[in-house]
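Asks: Below are the structure tokens for one structure; questions will follow.
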Amino acid sequence: MRTTRPFLPSRRGLLGAIAASGALAFVGPHRLVAAEPQPIQLGLLVPLTEQGGPDGSSIMAAQQAVLDEVNAAGGVLGRRIALAVADDLSDLKATVRAVRQLIDTDKVEVIMGIWASADAAAIVPLCRAAKTMMLSFAAADSITQLPHQGYVARTQPSNSLQALQFGRFAVGEGVRHLFILMPRDSLSESAVKNITAYCGPQGTKVSALIYDVRKTSFRAELDEVARANPDMLALGGYLPDTVVLAQDAYRAEFKGKIVGFAYAIGPRFIERAGPAVADGAYAIEPVPAIGSSGYARLQRLTARRDLDTYLCQGYDQINLAVLAMARGKTATGSGIRDNLRKIGDPRGVAVDNALDGLKALAAGRAINYEGASGPCKFTASGDLAAANFRVSVVRGGAIETYKLL
């Protein structure tokens, strides 16, 4: 009976096979596995080391948490997303250098953050030239009036939109005559014009006086206010002149309501003006969309109960950038620019985060993004069309919420 012997390779053949298999193992991954595409680079410019460091770090952490979720689900357009972060220093030249690093070296498609209006104004031409989208916190009206070819939008309400709330508040309170005192600056003329245009059809008369902020007393201005005898006095300046004006109004026994911006009428205002002067003063400020599903989601994501408007805006900015790229099927600054408004389609499915929005877009559905900071709908110039505002009032040396606008 014959048996079949197993095949035994020769020593030379065995060594050759080992060598061949080793070579294949070495080159195989390069030949058989496609190289992973480069990640999409997004840029963030926030303070990290100075007084605003804690705020900047919180925004960075929230944005990274969003990217971690998106990357874990497969990224965008088959690519991962990376966040390049630069420190927004209190020095314009250093900030511009940081932006050049983000654009030229990191090759970012968007730069988010950017608090100071002077910084934003300097960055606009750099972003426009590089076709890098800018999503900013800066409020100065002049920023979106610069030539930017659509590469600028802001999640912070413009100064004009903030000033308009004086008119909304006055009308809501049934004020018959609103008197505005504003410092002489680039905002004053447009603010008075917008407030008057809003109040006039509502039956509220508006008077205005522009003052020199360098003055140490405003008795002449208050004499004019007294002659006009308004129901409400709107103070549109910063803390130092607002304190002096409020004190002069108190001495002149002004009996109407006083309202100002929250950056002027706050704890330091109470301290410097005195409790008697401060009592009953109202403050207006932009606030997040408290009570919205986007706000609640960000609370869970950050494990924080109270969220300020800038943290909410930072969260919305990165969601907007991701969804706009996905909507346009192009991971570029131009893709963000061209689709930023298309992801706020009121006929689309409501979403408050990138993950849900990506799923809806993948299913061929239109989306309507509304985030933690608000509705995030932009005008053609890049300004917010609407925002959420809160009116607070000073009572007994403390500040409490009065109403939402």
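Asks: Below 14 angstrom from the Cβ of residue 73, what's the summed charge of the other residues (Lys, Arg +1; Asp, Glu -1)? Display every interim value, and only then the final one.
Replies: Working: positive: 79, 80, 359; negative: 68, 69, 356.
Taking every other residue near residue 73 into account, the sum is 0.
Asks: Would you please give the residues with an amide H less than 5 Å from that of residue 289, counting only those at least 5 places away or on a separate chain, with H modeled from the backbone geometry?
Replies: For residue 289, the qualifying residues are 373, 374.
Asks: Short version: ³J(HN,Hα) in whole Hz for each residue of the stretch 388-395, in order, from phi by Karplus 6.51 cos²θ - 1.76 cosθ + 1.60 (θ = phi - 60°), x for Gly and Pro, what are they?
Replies: 9, 10, 10, 9, 10, 9, 8, 10
Asks: Quick query: amide H of residue 369 versus all other amide H atoms, modeled in the peptide plane; which residues come in under 5 Å with a sequence gap of 5 or more or a different chain?
Replies: 344, 345, 351
Asks: Still on this structure, please answer the following. Contact order normalised by length for the stretch 143-208, with contacts defined as Cα pairs under 8 Å and 6 or more residues apart; what percent is it?
Replies: Values: 57 pairs, mean separation 24.6, N = 66.
Reported as a whole number, the value is 37 percent.
Asks: Could you tell me whether the chain comes out rounded, prolate or oblate from its Cα gyration tensor? Rule is a ≥ b ≥ c as square roots of the eigenvalues, rounded for a/c under 1.5, then prolate if a/b exceeds b/c, otherwise oblate.
Replies: Details: a/c = 2.97, a/b = 2.77, b/c = 1.07.
Prolate, since a/c reaches 1.5 and a/b exceeds b/c.
Asks: With N residues in the stretch 123-223, what two-decimal value do you get for its Cα radius of gyration over 2.2 N^0.38 Å? Present the calculation step by step, with values, prior to reporting the outcome.
Replies: Values: Rg = 17.0 Å, N = 101, 2.2 N^0.38 = 12.7 Å.
Relative to the rule-of-thumb radius for its length, the stretch 123-223 sits at 1.34.
Asks: Can you list residues from other chains, or at least 5 along the same chain, whose modelled amide H is less than 5 Å from the amide H of residue 260?
Replies: 235, 282, 283, 284
Asks: OK, next. Pairs 205/403; 255/403; 131/329; 342/403; 205/255; 205/342: which are spaced more than 27 Å apart, C-alpha to C-alpha?
Replies: Details: 205/403 23 Å; 255/403 21 Å; 131/329 17 Å; 342/403 32 Å; 205/255 18 Å; 205/342 39 Å.
The pairs that break the limit, which is 27 Å between Cα atoms, are 342/403; 205/342.
Asks: How large is the accessible surface of residue 337 in square angstrom, using a 1.4 angstrom probe and rounding to the nearest 10?
Replies: Surface accessible to solvent at residue 337 totals approximately 70 Å².
Asks: Highest mean first, what order results for 166-174, 252-260 on Cβ atoms within 10 Å? Could the numbers behind the result be given before it?
Replies: Details: 166-174: 19.7, 252-260: 17.2.
Top to bottom by mean Cβ count within 10 Å: 166-174, 252-260.
Asks: Sticking with this one: Kindly rank 377-386, 56-65 from highest to lowest mean number of other beta carbons found within 10 Å of each residue.
Replies: Details: 377-386: 16.8, 56-65: 18.9.
Answer by packing, highest mean first, reads 56-65, 377-386.
Asks: Using 7 Å Cα-to-Cβ label points, what is the residue 379/residue 210 separation (nm, one decimal)?
Replies: 1.9
Asks: If you average the alpha carbon positions of the stretch 197-220 and of the stretch 225-283, how far apart do those two centres end up, in angstrom?
Replies: Centre-to-centre (Cα) distance: 13 Å.
Asks: Right, another one. In debye to the nearest 20, how big a dipole does the chain give about its Cα centre with +1 on each Lys and Arg Cβ and -1 on each Asp and Glu Cβ? List each step's numbers first, then the result.
Replies: Details: 44 positive and 37 negative charges, 402 e Å.
Computed about the Cα centre, the dipole is about 1920 debye.
The values are calculated or read from the model by the stated rules, or taken from the named source; none is laboratory data. It should be emphasised that the depicted structure is a prediction, and the values quoted were computed from it without experimental measurement. Virtual Cβ from ideal backbone geometry, glycine too; neighbours counted across all protein chains shown. Side chains included, ligands, DNA and RNA excluded: accessible areas come from the protein's heavy atoms. Shrake-Rupley method; radii C 1.70, N 1.55, O 1.52, S 1.80 Å.
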